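First up is the structure itself, then whatever we jot down about it.
Read the figures in this text as sums done on the coordinates, not as results from a lab. What you are looking at is a predicted structure, and each value in this text was computed from that prediction instead of being measured. Positions of Cβ are generated from backbone atoms using ideal geometry, with glycine treated the same way; all protein chains shown enter the neighbour counts.
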Amino acid sequence: MTDDEVVPPPGLEDRVVSTLRERGLLRDAAPRNVSPRWVWPAAIAAGLLLFAGGFTLGRAPRPAPDLPRYTLLLYEGPEFNRAGTRESELVAEYSGWARELADRGRLVAGEKLSTQGWALGSAAADRRDPSGLFIIAARSDDEALSIARSCPHLRHGGTVLLRAIDPT
């Protein structure tokens with residue numbers, strides 16, 4: 001044990017377990033040597049599903065490593081989603097678009113960004129926060145622009161900033 005380690009008081013674990021049991025948040029474990037008849041067939045089925053899923057993912061088109069990569073930064077301004085489309089519908093639309101790019105081997109990654117973030121540096125006060133990003137692979141700037149123009153974010157009043165990624 002090092003000097004900076006904190007040692008919990010004696011009996012803390014017993015008190016926590018007792019309190020959790022009293023509140024119905026913790027149950028006694030089932031005996032370990034008794035297993036229902038369905039455990040082994042379920043484990044085999046789960047293993048087969050994992051194998052099939054991995055096989056399918058392994059066969060999915062991947063962007064060629066030598067293709068230039070670009071980032072699409074998505075911004076939401078006052079005009080974004082004026083129609084009031086539900087977020088679940090937007091997510092479905094963006095996911096379908098991303099799936100189509102992935103099927104063509106053009107999607108590298110895509111994520112919705114949290115509103116939580118930190119601005120560091122001298123220009124931090126001047127920043128605009130992106131709400132999402134996609135990283136794509138394209139043969140040329142023109143193909144990247146074509147992909148960016150097809151982004152559903154534009155149809156909902158958002159802004160897309162396309163930037164080439166310099167290879168390092």
Whole-Å semi-axes of segment 72-123's equivalent ellipsoid (Cα gyration tensor)
24, 19, 9
Inter-label distance, nm, simple model (7 Å from Cα along the C-beta direction), L20/F80
3.9 nm
Suppose R0 equals 35 Å; then what is the FRET efficiency for R27 and V6 from their Cβ-Cβ distance, rounded to the nearest 0.05?
0.75
If you filter segment 69-168 for trypsin sites (Lys or Arg not before Pro), then keep DSSP loop positions with at most 15 other Cβ within 10 Å, what is left?
R82, R86, R104, R127, R128, R139
Cα Rg, Dmax, segment 62-167, angstrom units
14.4, 41
